[in-house]
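The values are calculated or read from the model by the stated rules, or taken from the named source; none is laboratory data. Just so we're clear, the structure is a prediction, and the values are computed from it rather than from any experiment. Note: ideal-geometry Cβ built from the backbone for every residue, glycine included; neighbour counts use all protein chains shown. Please note that ligands, DNA and RNA were not included when accessible areas were found on the heavy atoms of the full protein model with its side chains. Shrake-Rupley method; radii C 1.70, N 1.55, O 1.52, S 1.80 Å.
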Amino acid sequence: MAYDKDNLISKLNDLLTLNYDAEKGFIEAGNHVNQKDLVQWFNANATTRRNFQHELKAHIIALGGEPSEGTSFTGELHRIWMDWKTYLPGSKTTDMFDECLRGENKALEDYQEIMNEVNTPVATSAMLNKQVGEINNNIKSLKTLEKMFVPAGA
């Protein structure tokens with residue numbers, strides 16, 4: 001199946017930027033929780049997103065493109081919002097779970113949209129499907145961890 005190489009590179013760069021944002025977001029979330037297990041979990045997910053970045057960069061370069069660098073303005077705003085929420089009364093842990101779930105669901109939407117709109121080479125499609133699977137698993141883990149670490153009614 002034929003694909004528009006320039007469009008594909010652009011869309012992969014969008015995902016690359018999304019993963020820069022996600023990495024920083026997970027680090028930020030880990031900085032705002034007190035439980036050692038959660039800090040480690042958030043940091044592990046930041047590492048996963050860094051690995052996603054390397055995979056995306058390799059595909060962009062293989063297609064003859066130039067990988068984007070850096071986070072997005074909206075990602076920066078989201079992290080500022082996460083920081084700000086920690087100063088409000090209530091559970092910091094609950095807020096971090098809520099914001100991470102929001103980010104993961106948005107990431108899933110972005111991946112799905114690109115996968116539905118853009119024809120991709122088989123190797124690129126396999127990489128994207130693998131990353132979507134990991135994001136789906138992450139959403140499930142976030143929901144499970146939230147039940148474990150956030151008191152009912154918090």
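Side notes on the structure shown:
- Looking across the range 8-38, the residues that are open to solvent by 40 Å² or more (accessible area, probe 1.4 Å) and in a helix (DSSP H, G or I) come down to S10, K11, D14, K24, I27, N31, K36, D37.
- Odd one out for I60, checked against (1) surrounded by 21 or more Cβ atoms within 10 Å (Cβ to Cβ); (2) free of Cβ contacts under 8 Å to residues at least 60 places away in the same chain; (3) within 21 Å of T144 (Cβ to Cβ): (3)
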